[in-house]
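What follows is one structure encoded as C-alpha coordinates, with my remarks underneath.
The values are calculated or read from the model by the stated rules, or taken from the named source; none is laboratory data. Computed from a predicted model, the values in this text were never measured in an experiment. FYI the Cβ positions are ideal-geometry reconstructions off the backbone, even for glycines, and counts take in every protein chain you see. Accessible surface areas use protein heavy atoms only, side chains included; no ligands, DNA or RNA. Shrake-Rupley method; radii C 1.70, N 1.55, O 1.52, S 1.80 Å.
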Amino acid sequence: MITFKNALIRCKSALGLVTLGLIASPAYAETLVLKSTDFVGISFWLISMALVASTAFFFLERDRVSPKWKTSLTVSGLVTLIAAVHYFYMRDVWVSTGASPTVFRYIDWLITVPLLMIEFYLILQAIAKVPVGVFWRLMIGTLVMLVGGYLGEAGYMAVWPAFIIGMIGWAYILWEIFAGEASKINAQQAPANVQSAFNLMRWIVTIGWAIYPIGYFFGYLTGASPEASSNALNIIYNLADVLNKIAFGVIIWSVAVSESEKK
(Lines give C-alpha, C1' and ligand atoms only; values in the text may rest on other atoms or scores of the structure.)
Protein backbone atom coordinates (compact mmCIF):
# COMPACT_ATOMS: atom_id res chain seq x y z
CA MET A 1 0.00 0.00 0.00
CA ILE A 2 1.30 3.42 -0.90
CA THR A 3 2.05 5.71 2.05
CA PHE A 4 1.89 9.48 2.09
CA LYS A 5 5.68 9.63 2.40
CA ASN A 6 6.23 7.36 -0.61
CA ALA A 7 3.67 9.31 -2.61
CA LEU A 8 5.45 12.54 -1.80
CA ILE A 9 8.80 11.08 -2.82
CA ARG A 10 7.39 9.83 -6.15
CA CYS A 11 5.70 13.15 -6.80
CA LYS A 12 8.93 15.03 -6.14
CA SER A 13 10.82 12.67 -8.46
CA ALA A 14 8.32 13.13 -11.28
CA LEU A 15 8.22 16.89 -10.90
CA GLY A 16 11.99 16.97 -10.57
CA LEU A 17 12.40 15.46 -14.02
CA VAL A 18 10.10 18.08 -15.49
CA THR A 19 11.89 20.86 -13.61
CA LEU A 20 15.15 19.90 -15.34
CA GLY A 21 13.51 20.80 -18.62
CA LEU A 22 12.17 24.04 -17.17
CA ILE A 23 15.54 25.13 -15.84
CA ALA A 24 17.12 24.41 -19.20
CA SER A 25 14.43 26.47 -20.90
CA PRO A 26 15.46 29.71 -22.66
CA ALA A 27 13.13 31.58 -20.27
CA TYR A 28 15.83 31.31 -17.64
CA ALA A 29 18.41 32.88 -19.90
CA GLU A 30 16.45 36.10 -20.24
CA THR A 31 13.24 37.45 -18.79
CA LEU A 32 10.30 36.95 -21.13
CA VAL A 33 7.03 38.74 -20.67
CA LEU A 34 3.78 37.02 -21.62
CA LYS A 35 1.26 39.60 -22.81
CA SER A 36 -2.34 39.27 -21.66
CA THR A 37 -3.45 39.56 -25.30
CA ASP A 38 -1.19 36.75 -26.50
CA PHE A 39 -3.70 33.91 -26.51
CA VAL A 40 -1.32 31.56 -28.30
CA GLY A 41 1.34 32.16 -25.64
CA ILE A 42 -1.24 31.66 -22.88
CA SER A 43 -2.25 28.33 -24.43
CA PHE A 44 1.40 27.21 -24.37
CA TRP A 45 1.71 28.06 -20.66
CA LEU A 46 -1.58 26.44 -19.64
CA ILE A 47 -0.88 23.23 -21.51
CA SER A 48 2.70 22.95 -20.24
CA MET A 49 1.39 23.06 -16.65
CA ALA A 50 -1.37 20.56 -17.44
CA LEU A 51 1.26 18.18 -18.84
CA VAL A 52 3.37 18.52 -15.67
CA ALA A 53 0.35 17.71 -13.48
CA SER A 54 -0.56 14.73 -15.68
CA THR A 55 2.97 13.36 -15.47
CA ALA A 56 2.92 13.37 -11.67
CA PHE A 57 -0.54 11.79 -11.65
CA PHE A 58 0.33 8.90 -13.99
CA PHE A 59 3.56 8.05 -12.17
CA LEU A 60 1.87 8.13 -8.76
CA GLU A 61 -1.04 5.99 -9.95
CA ARG A 62 1.29 3.14 -10.95
CA ASP A 63 1.01 1.92 -7.35
CA ARG A 64 -2.74 1.37 -7.73
CA VAL A 65 -2.57 -1.04 -10.64
CA SER A 66 -1.46 -4.63 -11.08
CA PRO A 67 2.02 -5.29 -12.53
CA LYS A 68 0.82 -6.00 -16.08
CA TRP A 69 -0.64 -2.47 -16.32
CA LYS A 70 2.32 -0.58 -14.84
CA THR A 71 4.14 -0.32 -18.17
CA SER A 72 1.09 1.29 -19.80
CA LEU A 73 0.89 3.95 -17.09
CA THR A 74 4.64 4.50 -17.25
CA VAL A 75 4.39 5.13 -20.99
CA SER A 76 1.49 7.54 -20.41
CA GLY A 77 3.63 9.44 -17.90
CA LEU A 78 6.59 9.49 -20.30
CA VAL A 79 4.39 10.91 -23.07
CA THR A 80 3.25 13.83 -20.91
CA LEU A 81 6.74 14.32 -19.42
CA ILE A 82 8.41 14.54 -22.84
CA ALA A 83 5.66 16.82 -24.11
CA ALA A 84 5.94 19.08 -21.03
CA VAL A 85 9.67 19.63 -21.54
CA HIS A 86 9.14 20.46 -25.21
CA TYR A 87 6.30 22.82 -24.34
CA PHE A 88 8.63 24.75 -22.03
CA TYR A 89 10.86 25.39 -25.03
CA MET A 90 8.04 25.98 -27.49
CA ARG A 91 6.31 28.56 -25.31
CA ASP A 92 9.57 30.49 -24.93
CA VAL A 93 10.23 30.44 -28.66
CA TRP A 94 6.74 31.80 -29.25
CA VAL A 95 6.82 34.47 -26.51
CA SER A 96 10.28 35.72 -27.50
CA THR A 97 9.98 35.57 -31.31
CA GLY A 98 6.34 35.02 -32.27
CA ALA A 99 7.51 32.24 -34.59
CA SER A 100 5.99 28.77 -34.76
CA PRO A 101 8.29 26.30 -32.93
CA THR A 102 8.04 23.75 -35.74
CA VAL A 103 11.28 21.88 -35.03
CA PHE A 104 10.58 21.48 -31.31
CA ARG A 105 7.01 20.38 -32.02
CA TYR A 106 8.05 17.67 -34.45
CA ILE A 107 10.84 16.44 -32.17
CA ASP A 108 8.15 16.08 -29.51
CA TRP A 109 5.79 14.26 -31.87
CA LEU A 110 8.55 12.03 -33.22
CA ILE A 111 8.97 10.65 -29.69
CA THR A 112 5.48 10.86 -28.18
CA VAL A 113 3.28 9.78 -31.10
CA PRO A 114 5.04 6.38 -31.48
CA LEU A 115 4.67 5.96 -27.70
CA LEU A 116 0.94 6.58 -28.03
CA MET A 117 0.78 3.92 -30.72
CA ILE A 118 2.69 1.54 -28.46
CA GLU A 119 -0.14 1.98 -25.95
CA PHE A 120 -2.50 0.15 -28.31
CA TYR A 121 -0.07 -2.74 -28.37
CA LEU A 122 0.46 -2.69 -24.59
CA ILE A 123 -3.22 -2.58 -23.67
CA LEU A 124 -3.83 -5.67 -25.84
CA GLN A 125 -0.64 -7.36 -24.65
CA ALA A 126 -1.95 -7.11 -21.08
CA ILE A 127 -4.88 -9.38 -21.90
CA ALA A 128 -3.73 -11.49 -24.89
CA LYS A 129 -0.73 -12.65 -26.92
CA VAL A 130 -0.30 -10.04 -29.65
CA PRO A 131 1.85 -10.63 -32.78
CA VAL A 132 4.77 -8.23 -33.08
CA GLY A 133 3.54 -7.32 -36.57
CA VAL A 134 0.81 -5.21 -34.98
CA PHE A 135 3.49 -3.11 -33.29
CA TRP A 136 5.51 -2.58 -36.48
CA ARG A 137 2.49 -1.71 -38.63
CA LEU A 138 1.47 1.00 -36.17
CA MET A 139 5.05 2.33 -36.14
CA ILE A 140 5.26 2.46 -39.94
CA GLY A 141 1.98 4.37 -40.21
CA THR A 142 3.12 6.79 -37.53
CA LEU A 143 6.46 7.54 -39.19
CA VAL A 144 4.88 8.08 -42.62
CA MET A 145 2.36 10.49 -41.08
CA LEU A 146 5.00 12.48 -39.18
CA VAL A 147 7.59 12.63 -41.96
CA GLY A 148 4.99 13.84 -44.45
CA GLY A 149 3.79 16.57 -42.11
CA TYR A 150 7.30 17.76 -41.26
CA LEU A 151 8.47 17.91 -44.86
CA GLY A 152 5.56 20.21 -45.65
CA GLU A 153 5.80 22.45 -42.56
CA ALA A 154 9.59 22.80 -42.73
CA GLY A 155 9.50 23.72 -46.43
CA TYR A 156 11.32 20.64 -47.76
CA MET A 157 8.31 19.68 -49.90
CA ALA A 158 5.30 21.44 -51.37
CA VAL A 159 2.57 21.62 -48.73
CA TRP A 160 -0.11 19.69 -50.66
CA PRO A 161 1.98 16.58 -51.55
CA ALA A 162 3.36 16.50 -47.99
CA PHE A 163 -0.18 16.81 -46.61
CA ILE A 164 -1.31 13.85 -48.73
CA ILE A 165 1.62 11.69 -47.55
CA GLY A 166 0.80 12.47 -43.92
CA MET A 167 -2.85 11.62 -44.47
CA ILE A 168 -1.90 8.26 -46.02
CA GLY A 169 0.08 7.39 -42.88
CA TRP A 170 -2.86 8.38 -40.67
CA ALA A 171 -5.29 6.34 -42.81
CA TYR A 172 -3.03 3.30 -42.46
CA ILE A 173 -3.11 3.63 -38.65
CA LEU A 174 -6.91 3.94 -38.70
CA TRP A 175 -7.21 0.83 -40.83
CA GLU A 176 -5.10 -1.18 -38.38
CA ILE A 177 -7.04 -0.16 -35.27
CA PHE A 178 -10.51 -0.36 -36.87
CA ALA A 179 -10.24 -3.26 -39.32
CA GLY A 180 -6.79 -4.79 -38.97
CA GLU A 181 -5.33 -7.40 -36.63
CA ALA A 182 -5.29 -5.09 -33.59
CA SER A 183 -9.03 -4.51 -33.97
CA LYS A 184 -9.74 -8.24 -34.32
CA ILE A 185 -7.75 -9.15 -31.20
CA ASN A 186 -9.63 -6.49 -29.25
CA ALA A 187 -13.02 -7.75 -30.45
CA GLN A 188 -12.30 -11.45 -29.92
CA GLN A 189 -10.17 -11.62 -26.76
CA ALA A 190 -10.50 -8.45 -24.71
CA PRO A 191 -12.91 -8.14 -21.75
CA ALA A 192 -15.68 -5.56 -21.97
CA ASN A 193 -13.91 -2.71 -20.17
CA VAL A 194 -10.71 -3.18 -22.22
CA GLN A 195 -12.78 -3.15 -25.40
CA SER A 196 -14.43 0.06 -24.21
CA ALA A 197 -11.04 1.69 -23.54
CA PHE A 198 -9.68 0.48 -26.90
CA ASN A 199 -12.71 1.94 -28.66
CA LEU A 200 -12.29 5.30 -26.91
CA MET A 201 -8.58 5.34 -27.76
CA ARG A 202 -9.17 4.69 -31.43
CA TRP A 203 -11.86 7.38 -31.59
CA ILE A 204 -9.34 9.80 -30.10
CA VAL A 205 -6.96 8.80 -32.89
CA THR A 206 -9.79 9.39 -35.37
CA ILE A 207 -11.41 12.58 -34.07
CA GLY A 208 -8.60 13.96 -31.92
CA TRP A 209 -5.92 13.44 -34.52
CA ALA A 210 -8.17 15.00 -37.13
CA ILE A 211 -7.43 18.28 -35.36
CA TYR A 212 -3.83 18.15 -36.64
CA PRO A 213 -4.67 18.17 -40.37
CA ILE A 214 -7.20 20.92 -39.59
CA GLY A 215 -4.37 22.93 -38.03
CA TYR A 216 -2.12 22.18 -41.00
CA PHE A 217 -4.88 23.32 -43.35
CA PHE A 218 -5.45 26.63 -41.55
CA GLY A 219 -1.72 27.15 -41.17
CA TYR A 220 -0.61 26.52 -44.74
CA LEU A 221 -3.46 25.98 -47.18
CA THR A 222 -5.95 28.84 -46.72
CA GLY A 223 -3.86 31.66 -48.15
CA ALA A 224 -4.36 33.74 -44.96
CA SER A 225 -1.69 36.17 -43.72
CA PRO A 226 1.38 34.56 -42.07
CA GLU A 227 0.47 36.01 -38.66
CA ALA A 228 -3.14 34.79 -38.73
CA SER A 229 -2.06 31.39 -40.06
CA SER A 230 0.58 30.99 -37.36
CA ASN A 231 -1.88 31.87 -34.59
CA ALA A 232 -4.51 29.41 -35.84
CA LEU A 233 -1.94 26.67 -36.40
CA ASN A 234 -0.48 26.82 -32.89
CA ILE A 235 -3.74 27.18 -30.99
CA ILE A 236 -5.24 24.20 -32.84
CA TYR A 237 -2.11 22.07 -32.36
CA ASN A 238 -1.95 22.95 -28.66
CA LEU A 239 -5.58 22.03 -28.04
CA ALA A 240 -5.08 18.78 -29.93
CA ASP A 241 -2.15 17.83 -27.69
CA VAL A 242 -4.34 18.18 -24.58
CA LEU A 243 -6.83 15.68 -25.97
CA ASN A 244 -4.40 13.33 -27.63
CA LYS A 245 -1.85 13.06 -24.81
CA ILE A 246 -3.58 13.76 -21.51
CA ALA A 247 -7.04 12.33 -22.29
CA PHE A 248 -5.44 9.33 -24.01
CA GLY A 249 -3.50 8.56 -20.82
CA VAL A 250 -6.55 9.05 -18.61
CA ILE A 251 -8.43 6.41 -20.60
CA ILE A 252 -5.58 3.93 -20.08
CA TRP A 253 -5.42 4.80 -16.37
CA SER A 254 -9.15 4.20 -16.03
CA VAL A 255 -9.10 0.72 -17.54
CA ALA A 256 -5.89 -0.19 -15.67
CA VAL A 257 -7.45 0.71 -12.30
CA SER A 258 -10.72 -1.03 -13.20
CA GLU A 259 -8.98 -4.26 -14.25
CA SER A 260 -6.64 -4.21 -11.24
CA GLU A 261 -9.44 -3.76 -8.71
CA LYS A 262 -11.16 -6.92 -9.98
CA LYS A 263 -8.37 -9.04 -8.55
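Carbon and sulfur: what percent of the range 34-253's accessible surface (1.4 Å probe)?
Carbon plus sulfur share of accessible area: 74 percent.
Would you calculate the separation in nanometres between label points at TRP45 and TRP203, each defined as 7 Å from the Cα along the Cα-to-beta-carbon direction?
It works out to 3.5 nm between the two label points.
Could you list, in their original order, any pairs among LYS35/LYS245; LYS70/LYS184; LYS70/LYS129; LYS129/LYS184; LYS129/LYS245 whose Cα atoms are separated by more than 22 Å?
Check vs 22 Å cut-off fails for LYS35/LYS245; LYS70/LYS184; LYS129/LYS245.
Extending each Cα 7 Å along its Cβ direction at ALA158 and ALA128, get the distance between those two points in nm, one decimal.
4.4 nm
May I ask you to list the aspartates and glutamates whose Cα is less than 17 Å away from that of LYS68, ignoring any residue fewer than eight positions away on the same chain?
Those aspartates and glutamates meeting the cut-off are GLU119, GLU259, GLU261.
Within 10 Å, count the other beta carbons around each residue, average over each peptide in 111-122, 186-197, and list them highest first.
Per-residue mean Cβ counts within 10 Å order the peptides as 111-122, 186-197.
Can you give the Rg/Rh ratio of the range 34-253, where Rg is from the C-alpha atoms and Rh is the Kirkwood radius?
Reported Rg/Rh, Kirkwood definition of Rh: 0.98.
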